[in-house]
Every structure is written in C-alpha cells, then in structure tokens.
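No lab work stands behind these numbers, since they all come straight from the coordinates. As the structure is a prediction and not an experimental result, all values here were calculated from the model. All Cβ positions, glycine included, derive from the backbone under ideal geometry; neighbour counts span all protein chains shown.
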Amino acid sequence: MNFHETCGIRLPRKSQAVRDVPMASAGHCTTWAVLGDDEGIRVQGESLLEMRHQLILNARRDVASIQEQVRFFYGWNPNKPDEHVFDMVVTMRDGQVIAYAVKPEIRLKSGRFLKEMQEVAWWVRHKGFADDVRILTDADINRVTLHNAQMFAVMRNSPDPDAMAAARRVVSGMPAGGGLSLRALTIETGLEARGYRALLRLLREGVLETLKPEAITPTTLVRRASDRPDPGLIAANDPFSPEGPGHGAVAFCAA
C-alpha cells in the first residue's frame, strides 16, 4: 500500500494510449487530462483542440470509454502495412465503436487528408476495427458545451456522501415538470458550496437537466430528467444530448 492509498487518495489510472504523443513538436502543444468517473483515467492529447474534444465526449452520457492514440494497420501488404493513428477510439454504451481523427479545419482545405481518410475508413470497415470513422475540427467546438464539459470533468470525483444525500433529497421534492435555479436548490440543501457541487454532480449523472442549452451557473434553471414532457423535443435542446457529426465534422460510414 502506497502513501496515497493510506491517506485515502486514489490516483488516476494510467493512460490506455497505444503510443505516447511526442513531447515536443513545432506548431502544437501536448496535453494531459483526467477523465472518466471517480479517480478517473489519465488521457493524453497532441493539441489543445484534441483535449477539448476529449472533454466534450467525456461529458456525453452515451459514451462508455475513450481510448486515445490508437494504432490502426491496413493495406494489402501484410508484411509492410500502412498505419494510421486515430486520436480517439470511443466505445458507446450501446456497443458502437467510433474512431475519431481530430484536425484543424484549415488542414482539410486541400482535400489531401480527406482523401487519405476515405481509404482508411474503407479498411476500418473491411477489418471490422470500428463501426464509424469521423473527423472532428475546431468548427465542432461549441463554447457552451465545452464550458459545461470542463465543469463536469472537475466534478468526476467529489466524495461527499452527506452532500450528495442532501442534494438527492432536495431534487426528489421538486415539483413535477417544474424548474428551479441551482441557487434555490443549493439554499435548500443548507450546505452552500458543498450542496452546489453535489447538484452539479447530479447534472453530470443525468439526474438533473437544464431547461435550455446554456453555460451552467447558479442561476441556471434545472428540472428532474424524468420530468421531461416530450423526450424527443427536449433532447433537441439538451446541451448534453448525443451528437453525431455536427457543425464542421466529417463522417465516413464504416459499417
């Protein structure tokens, strides 16, 4: 047992990357983040854009796991195969596997990378590596979604059972179909900052949801997720609802 375990501190699990990103390279930075639940798992990235997409995918409730820097070998020559390293391979809770490449939008203008990815996507389908191949760019970053995703990443490990119990009690007493501000609910918990963090945790878990897409603050109106009157309509306005390729994303159907 190490020092951290004796103090009740659990360190993040090791990165599951198949290769480490270069520690220094001209024109971009390298990043580390801790994603997932509880103590979390360390995730590395090759750019700030990559880390932002990792955070957004991490906040989605339909995502089961994210593995970064995954090698994929393809081609007709088994003795000397071509290689593509996917920035992320994401497993959804329904079992679907999506391989993501992350590129600044300006890098797609020449068409060379898109042409390469069309070939890679064909081989992904041929070899059964993933169900879908997608490219994410800076045009896919929504400021509100990113703001909330960063907040949820911070809330991954908040071991305060008393505050969580108080927050669940307050939420269970909310009027059906009605919305209250996070500030009002926090006051009801009687725990100030601890109560607010617990409510954010319930938002992260999907117990609560916002009434409209917005950056979450104490004035944000929320309701119990089970109280949504029209799941189809509300999902369209839910900033944490599953998103396919949107904005500037490019998808290659590999299934």
Total formal charge among the other residues, if their Cβ is under 9 angstrom from that of MET88, Lys/Arg +1 and Asp/Glu -1: -3
Coordinate range along principal axes, alpha carbons of the stretch 17-130, Å, largest first: 43, 37, 27
log₁₀ of I(q)/I(0) at q = 0.18, 0.21, 0.23, 0.26 Å⁻¹ - the stretch 158-237, Debye sum with one point per alpha carbon: -0.66, -0.89, -1.05, -1.30
Nearby aspartates and glutamates by direct alpha-carbon distance to LYS109 (threshold 18 angstrom, same-chain neighbours under 8 apart not counted): GLU119, ASP138, ASP140
